[in-house]
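Please read the structure below before turning to the comments.
Throughout, read-outs are computed from the coordinates displayed, never taken from laboratory work. Keep in mind that what you see is a predicted model, and the values were worked out from it rather than measured. No Cβ is skipped: glycine too gets one built from the backbone with ideal geometry, and neighbour counts run over all protein chains shown.
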């Protein structure tokens, strides 16, 4: 990674996104192309900065000379959320070896301050402590690519998310939390503790998303803002794995830490 600085990383990320969004047209009065907007949305999650500080850092790079005001940039991110969702769901790279399904709690606010939030969050226990926030469910490949995802409040049980695997043609592994007494999808295999240890790849993915991309530190005032942040994080993760392949750094286990040092 010695030959890839921050400027090279931004350019490579833009090129990967532009390959898939080149058919989108730019409005005549717009300052940014849709591929630039999606790139900025992913860079926002990569930087971990607030919008004002993010724009100051971005102007310092000199790569985006026609940046709008930060309030306008926020609206553009929401306007192109459907495009970001495409990158966060790698349905085109469906593996033949199967996939893994699991859930993770994302804390939005500390339990002692739960009354300060609106009703778009839920409360549940996770690993011995109360969590006030959202539950994110993802289907990942053995290589770590995120195929599909959904979310709901933390108090929703895992078995209510089993429907997400119905449109897959491969077998999907999950733990017993997704089992329903009313029946499971045909391609969903419920594994007991200690079975099918290849399921641990999803734990590695969630760990990377939390520690390096801030999945557990999302600051959002609305559910739409939270969904945009999750979609951007998942899209960025998929793009970083694709960068590994393009740069010859692909490994069997997902790894993105070398990009976070730029």
Worksheet item: Between residue 170 and residue 224, what length in nm is gained on full extension when 0.36 nm per residue of separation is reduced by their alpha carbon distance?
Response: 16.4 nm
Discussion item. From the convex hull of the Cα coordinates of the range 93-218, what is the mean projected area in square nanometres?
Written reply: 8.3 nm²
Worksheet item: Using Cα atoms only, what is the angle between the long axis of helix 70-79 and the major principal axis of the chain, expressed in degrees (0 to 90) to the nearest 10?
Response: 50 degrees
Worksheet entry | Cα-based helix-to-principal-axis angle, 6-21 vs the chain, degrees rounded to 10 | 70 degrees
Discussion item. Suppose we keep just the DSSP beta bridges with both residues in the range 93-218; what percent of those would be antiparallel, to 5?
Written reply: 80 percent
Discussion item. Tell me the angle of helix 51-61 to the major Cα principal axis of the chain, expressed in degrees between 0 and 90 and rounded to the nearest ten.
Written reply: 50 degrees
Practice prompt. Restricting things to alpha carbons, find the Rg to Rh ratio for the chain using the Kirkwood radius for Rh.
Written response: 0.97
Item to complete: Using 0.36 nm per residue of separation minus the Cα-Cα distance, give me the extension gain between residue 61 and residue 6 in nm, one decimal.
Response: 18.9 nm
Worksheet item: Stretch residue 159-residue 75 to full length: gain in nm at 0.36 nm per residue minus the Cα-Cα span?
Response: 26.8 nm
Response to the item:
With the label point 7 Å along the Cα-to-beta-carbon line of residue 181 and a cut-off under 16 Å to each amide N, the hits in the range 128-166 are 157-160
Fill in: Pairwise label distance in nanometres, residue 152 with residue 20, each label 7 Å out on the Cα-Cβ vector
2.7 nm
